[in-house]
Amino acid sequence: MGKFTALVLLPQDTNNIQEKVAEILSPYYFDLEVEPYKEYLNQEELQAEMEYLSTLSKEDIEKLGSEYEVSGENLIEDLAKIKLYWYEEEEAGIDEHGAYQITNINPQGKWDWYTFIEAEPRELEPPISYPCRVSDLPDIVPYALVTPDSKWYENNGKEINWDLKVQEIFALYLDCLVVGLLCHM
């Protein structure tokens, strides 16, 4: 995914902002080990990746196959699985829900590191200085928003009107502090 901006909302009386942010974000740490569970191959993602690969030229497909050291009848499917980080040798089995692997990677993982943003520049406007009160924020739409009760919201493409959702959340927390983060995943 790369880098993205997240805003974390904190109670107004928060004393140690860095500690509170770490506490609120901890359930979403990518490398947080969890109890082992079955992770299923997502058939929709597999189909989408196969459709994309099908648009490439035969030469490009063969080149990718060579790079990943795969070949054979199911080259596009095998390449799609590799792109989805799904490796046949790591499959634990198949059940009524499909192929699965056993993993302990955090299924809620959203970030692997973050840094605090002191001031966020804006085009033709004064920068936003953090922390500040939610009610003092200009019209801003982050990629992710985390509420004081540690609920994570993000622009994952499924939210029809993300801008409106952000404004609805802000309206519930007008007296809270907001901290800006540059996160990486």
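The values are calculated or read from the model by the stated rules, or taken from the named source; none is laboratory data. Since the model is a prediction, treat every value here as computed from it, not as a measurement. When we count neighbours, we look across all protein chains shown, and the Cβ atoms used for this are built from the backbone with ideal geometry, even at glycine. Only protein heavy atoms, including side chains, enter the accessible area calculation; ligands, DNA and RNA are left aside. Shrake-Rupley method; radii C 1.70, N 1.55, O 1.52, S 1.80 Å.
Laid out as a table, the results:
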{"quantity": "The range 116-185, relative contact order in percent, only Cα pairs under 8 angstrom and at least six apart counted", "calculated": "44"}
{"quantity": "Hull volume in cubic angstrom per residue (convex hull over the Cα atoms of the range 1-116)", "calculated": "158"}
{"quantity": "Protection-proxy order for peptides 79-91, 120-132, 6-18, each taking the mean of Cβ atoms within 10 Å per residue, highest first", "calculated": "6-18, 79-91, 120-132"}
{"quantity": "Relative contact order (%) - criterion: Cα under 8 Å, at least six apart; region: the chain", "calculated": "41"}
{"quantity": "Within the chain, helix-based [θ] at 222 nm, where runs of 4 or more DSSP H residues each add -39,500 (n - 2.57), nearest 500", "calculated": "-8000 deg cm²/dmol"}
{"quantity": "Heavy-atom accessible area per residue - the chain, 1.4 Å, Å²", "calculated": "64"}
{"quantity": "Rh (Kirkwood; distinct C-alpha pairs) - the range 81-146, Å", "calculated": "16.6"}
{"quantity": "Inter-label distance, nm, simple model (7 Å from Cα along the C-beta direction), residue 122/residue 105", "calculated": "3.7"}
{"quantity": "Given 81/151; 58/83; 83/165; 63/83; 63/110; 20/165, the pairs whose alpha carbons are separated by over 20 Å", "calculated": "81/151; 83/165; 63/110; 20/165"}
{"quantity": "Charge tally in the Cβ shell below 13 Å around residue 95, where Lys, Arg are +1 and Asp, Glu are -1, residue 95 excluded", "calculated": "-2"}
{"quantity": "FRET E, pair residue 95, residue 182, Förster distance 45 Å, beta-carbon r, rounded to 0.05", "calculated": "0.65"}
{"quantity": "Residue-span extension gain [residue 56 to residue 141] - 0.36 nm each, minus C-alpha spacing", "calculated": "27.1 nm"}
{"quantity": "Choice from 150, 66, 135 showing the highest fluctuation, given a GNM over the chain with Cα pairs closer than 10 Å", "calculated": "66"}
{"quantity": "Residue (of 132, 25, 85) at the positive-pole extreme of the range 18-139, dipole from beta-carbon charges", "calculated": "132"}
{"quantity": "Whole-percent carbon and sulfur share, accessible surface of the chain, 1.4 Å", "calculated": "48"}
{"quantity": "Listed peptides 25-33, 172-180, 94-102 by packing density, highest first (mean Cβ within 10 Å)", "calculated": "172-180, 25-33, 94-102"}
